Amino acid sequence: MKRVKRIASFLLAMVMVLGMGLTALAEQEGTLKISGAVEGKSYDLYRVFDLTYSEGNPENDTTPNYAYTVNADFKGFFEQEEIKKAMEEAGKEGDPVGYVGTFAQLTYAENATDDEKAEVDKTNQENAQKVSELAQKLLAYATEWTGTGEDQKQRVEPIRKIENAKPGSDGMIEVKDLPYGYYLLNPLGGSVPTGENATMFALNTLSGKDMTINVKANYPTIDKTVMDDNETEPDKTDEISIGKEVTFRLLMKVPDTTGYNKYWFVIDDELSAGLTFGEITSIKMGNIVEKKDEEGNVTGEEFEEIVKLQPAAGENEGDYSVAKTFWDKDEKKIDNPDAEGAPAIAKTKIKIVFNDFLTYITNKKVPAGTDIEVLYTATLNENAVVGGTEGNENKVTLTYSNNPKHNYGGNEPGPDDDKVTGKTPESKTETFTTSLTINKIDGETKKALKGAKFKISGSMLDTVITTGEVYTPAADGDWYKLKDGTYTKTEPTEQTKAQYDGDGAQKYKQETKVTQKTTGDNPVNAEAYVNSEGKLTFAGLGAGEYRISEVVAPNGYNAIADFPVRITFDQEKKEFKAERGEYQTVDGQETAVYPSDSNKEETKGMLNSDKNVITMTVENNSGIQLPSTGGMGTPIFYVLGGILVLGAGVLLVTRRKMSAEK
């Protein structure tokens, strides 16, 4: 290590405010510039060592002099048994200044070898960690609560408080006329670690002049993502069918709670009208790590659990509590949304309160920077926004304690606690769903056709909102179903009842908008007639493959064959696209085939998806449907064939008889 030299003792990532050469006996002051400060946040400065500084003079070969003494507020810190023992082990017994100086960063000598550089790097890394640990201990000492009741206060008051920071255009805030010293900078607000050896408290050196330091702190954040049952990784956008369930993920980090007597940690989640809250499936603390396959390739991420929080149950308060409230479009609370005449729910608010958060992480020994994951379910309901560019929004904020000098009580803030809490920016997700509108027209005239009935089916369906003409059984209905599948308002008579389904005993009512749901294990097969304009809409569809069947063709028109429609969703663009294909027999199996399968540039089968809703035109041609082998028309040939055979036999017998008579 001969070729390694120490830089000035306190080039340690520590705040040392020095000024220009004043006399050693005068109070010396300088200006501190802080880079990385966040607007609106607060910062406290503690003076750990007092400092007198005098510049050197090259003319008489004198060097700069630093005279450090322990600040009176921190003498007790260095008199603690733990610190006294550490100073003794470092060979600096009774010498706090010398002890801290052992953590100095080293520089390479001019001709240092690679091995020597590696040794320097290792030492610097170890020293950086020691500085970080020292800063934590100093802050814990300074912010420890002493006294009781109204006399309760922190052990050390900051020498300077920076409240509601307002960085300039250069991103800096200035602290002027600050006495020389060795300082501890504490960003208030429960900040979290920013790196492996990082600390919340930026400590830097100013040597004889005004200096700039960087704040090493991040404030608590919350990130919301959504994951449906077809996705493996969470994202900000999602698509599903109405009636399907999704899982939302909230991700935070355990904050640094040094100096707090209690810590509030409250999640406020808000679901739009189209989302129905399900349940919280888990709240865990742990670490997000890379997920790898057998060959070591990174395939995603997974959560390694350290502890799992338990909900309130019975008289047990639990580790967290959940409250659900409903609100109308005017932001008025709905006490009983199921009551007759209650206003429509515009949003659902979920509040998750961590009970006695500080005690929990202390008892469980969960360090600052540990990930917190909340998972809960919700279902896309019939009030969902269909199509559009904004989807069904779900947003969340996190409220947290931000002032260790405040005497906190309870588990959550009240309406007047804004000054002692911080709130994160909103994090939101969007869940999209789409619709398919069929325009039924004559193949030749291109005019709208009435009387066609379509059915949509597919594994992705759960609930479908149909807008067309739907007939449902009703005692007070005025429609009757005929055996050909059509409906009429003409009542059956003894002479005509044979033409009616069930002899016309069942009445039906006609509705233009109906919600059709899955029942039990039976998937929904939504079906309806086109309206008077030849239109029918199936709404609430997510990405997937659907089968469209024409159940009833317009009177006098050929029915068309079933065809598939494939709907896809681009998460980045938040766009649905759809393509019409056809069913073909491949290797003896019915297979959906699309034009773009063989040529990705092919647009022949692409459907219009303006404003994230899909429309398509379906043509019918006039004529009688021709029979196919094995179809319903085959008996006609049996009858005609029998008549021809019988006629030939009669003709043959007649001719023989005539010949005999001759």
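Worth pointing out:
- q = 0.12, 0.17, 0.19, 0.23 Å⁻¹: log10 I(q)/I(0) that the Debye formula gives for region 455-560, counting C-alpha atoms only: -0.47, -0.89, -1.05, -1.29
- Net charge contributed by nearby residues that have their C-beta within less than 12 Å of S321 (K/R +1, D/E -1): -2
- Stokes-Einstein diffusion of region 328-406 at 37 °C, 0.692 mPa s viscosity, Kirkwood radius from Cα pairs, rounded to a whole number: 192 µm²/s.
- Highest-first arrangement of 70-79, 427-436, where packing means the average Cβ count within 10 Å: 427-436, 70-79
- Gain on full stretching of the segment that runs from K84 to Q506 - 0.36 nm per residue minus C-alpha separation: 142.5 nm
- V366-T490 pseudo-label distance in nm [points 7 Å out on the Cα-to-Cβ vector]: 7.3
- Evaluated over the Cα positions of region 465-518, the convex hull gives a direction-averaged projected area, one quarter of its surface, of 4.1 nm².
- Cα pair distances in region 393-487, grouped into 5 Å bins until the bin that holds the longest one, percent each: 2, 7, 12, 10, 10, 9, 6, 5, 6, 6, 7, 6, 6, 5, 3, 1, 0
- Once all protein chains are placed together, K85 keeps about 120 Å² accessible to a 1.4 angstrom probe.
- Flagged links, alpha-carbon separation over 26 Å, of K284/K349; K122/K284; K332/K423; K405/K428; K347/K419; K85/K364: K122/K284; K405/K428; K347/K419; K85/K364
- Here region 309-366 was treated as a single set of alpha-carbon atoms; its pair distances binned every 5 Å from 0 give 4, 16, 19, 14, 11, 13, 11, 7, 4, 1, 0 percent.
- Extension gain, E116-N407: 0.36 nm per intervening residue step, less the Cα-Cα distance, totals 99.7 nm.
- Taking the charge dipole of region 114-154 about its Cα centre, with +1 at Lys and Arg Cβ atoms and -1 at Asp and Glu Cβ atoms, the residue from Q152, Y141, N124 reaching farthest to the positive side is Q152.
- Selection from V385, T362, A312, by position along the positive dipole direction of region 308-406 (Cβ): T362
- Inverse of mean 1/r across different Cα pairs in region 253-358, Kirkwood, Å: 17.1
- Per-peptide average of other Cβ atoms within 10 Å, ordering 176-186, 459-469 highest first: 176-186, 459-469
The values are calculated or read from the model by the stated rules, or taken from the named source; none is laboratory data. Since this is a predicted model, take the numbers as computed values, not measurements. Cβ coordinates were reconstructed from backbone atoms using ideal geometry, including for glycine residues, and neighbour counts include every protein chain displayed. The accessibility values were calculated without ligands, DNA or RNA, using every heavy atom of the protein model including side chains. Shrake-Rupley method; radii C 1.70, N 1.55, O 1.52, S 1.80 Å.
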